[in-house]
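**Q** My structure is below; once you've seen it, I'll send some questions.
Just so it is clear, none of the values below were taken in a lab; they were calculated from the coordinates. From a predicted model like this one, the values you see are computed outputs, not experimental measurements. Cβ placement follows ideal geometry from the backbone for every residue including glycine, while neighbour counts extend to all protein chains displayed.
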Amino acid sequence: MSRLNEYIQDVFKWNEKMRAFLESEEIERHSELWQKLDLFTEIMEGIKDPQSIEELIDVQNFADELHADMEKYFAERQQIGSIYLHEPTVAAGGHVLPPLPYSYNALEPYISEEIMKLHHDKHHKSYVDGLNKAEKMLQDARKSGDYSLVKHWSRELAFHGSGHYLHSIFWNNMKPNGGGAPSGSLIKDIEKYFGSFDAFKKHFSEAAKQVEGVGWAILVWSPRSRHLEILQTERHMLLTQWDTIPLLVLDVWEHAYYLQYKNNRGDYVNNWWNVVNWRNVEERFQNASKLKWKPY
Ligand SMILES: [Fe+2]
């Protein structure tokens, strides 16, 4: 395909996307925007097979003009609140298992392929299924007005919901050839609050090793106190300090390490630092720390 044709194909695709977008936003058919897009479509139909560069330049100019018009039109409508962009949301019972951001054996030798397969495909999947079930059952309760099992399903919602969300963070908190130390404002805040990076690591490791039974160690940013903190959580949701945003999480359930480390959680925790993805933690921190409540 010639470059001219390729360009025309791209413009056609853009045109189709714009039409689908106007339809999804339920923009009125007689609006100025539709009229312009219809005119553009007509012109495009007329030059499906461009013969000269001049013809192409004409199309390009018209496309640029239309693009600018559309942006202006959308900006105006957004200002007067008459246009709402559809943000994707997860419907009740609509959660899906996120894919691992690397292969199952990518964290070896620190975490074995066998653990990662079981952990992601079986354990995390069961939390997704449990969360979907709890959301659906509570949706049914809202419809029927029968809340006799609301305590049970609320517990399930917290258990499986925290299980799903924490594992979704956990996979991205790690990467092959990770480790090292964070940089930027995250390391500054770690040093400011914990004294040093080593002191932070010691505190986090001890918190992980001493979780009673099953649970997690979690580094959080507190928008209220405006400093970092290290928390433990038993199971997935007990001892949770609400109103905080998890940044770095470490799974210390047996399924995360037992096949490889047996009862030696300490070695697993110590080795885990070699797969930490600090870039990911920095990104989470950058976004989370923008959230600030009135301090008191
Ligand atoms: Fe887990």
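**Q** Which whole number in µm²/s is D for region 113-288 by Stokes-Einstein, with the Kirkwood Rh taken over Cα pairs at 10 °C and 1.306 mPa s?
**A** Approximately 92 µm²/s, per Stokes-Einstein.
**Q** Applying 1/(1 + (r/R0)^6) with R0 = 25 Å to the Cβ-Cβ distance of ALA288 and ASN177, what FRET efficiency is obtained, to the nearest 0.05?
**A** E(calc), rounded to 0.05, equals 0.50.
**Q** For the residues ILE57, ILE115, ILE47, what sequence is obtained by ranking on other C-beta atoms within 10 Å, fewest first?
**A** ILE57, ILE47, ILE115
**Q** In percent, how large is the relative contact order of the chain, given Cα pairs closer than 8 Å and 6 or more residues apart?
**A** In percent, rounded to a whole number, it is 16.
**Q** So, in Å, what gap is there between the alpha-carbon centers of region 262-295 and region 154-219?
**A** Cα centroid to Cα centroid, the span is 4 Å.
**Q** Just the projected area, averaged over all directions, of the convex hull on the alpha carbon atoms of the chain: how many nm²?
**A** 23.0
**Q** Here's a follow-up. Out of region 229-283, which trypsin sites (Lys or Arg not before Pro) are coil in DSSP terms and have no more than 15 other C-beta atoms within 10 Å?
**A** Passing both the DSSP loop test and the Cβ count: LYS262.
**Q** Can you list the lysines whose alpha carbon sits under 22 Å from that of LYS13, skipping same-chain ones fewer than 8 residues off?
**A** Result set, ordered by chain and number: LYS36, LYS48, LYS72.
**Q** Which length gain, in nm to one decimal place, applies between TRP273 and LEU238 when the Cα-Cα distance is subtracted from 0.36 nm times their residue separation?
**A** Contour length minus Cα-Cα distance gives 10.1 nm.
**Q** With n ≥ 4 as the cut-off for DSSP H runs, can you work out [θ] at 222 nm for the chain, using -39500 (n - 2.57) per run divided by the number of residues, rounded to the nearest 500?
**A** Theoretical 222 nm ellipticity from helices: -17500 deg cm²/dmol.
**Q** Of the options TYR257, HIS203, SER126, report the single residue whose Cα projects farthest towards the positive end of the charge dipole of the chain (beta-carbon charges: Lys, Arg +1; Asp, Glu -1).
**A** Selected residue: HIS203.
**Q** Can you tell me the FRET efficiency between GLU32 and ALA92 if r is taken as the Cβ-Cβ distance and R0 is 51 Å, rounded to the nearest 0.05?
**A** 0.85
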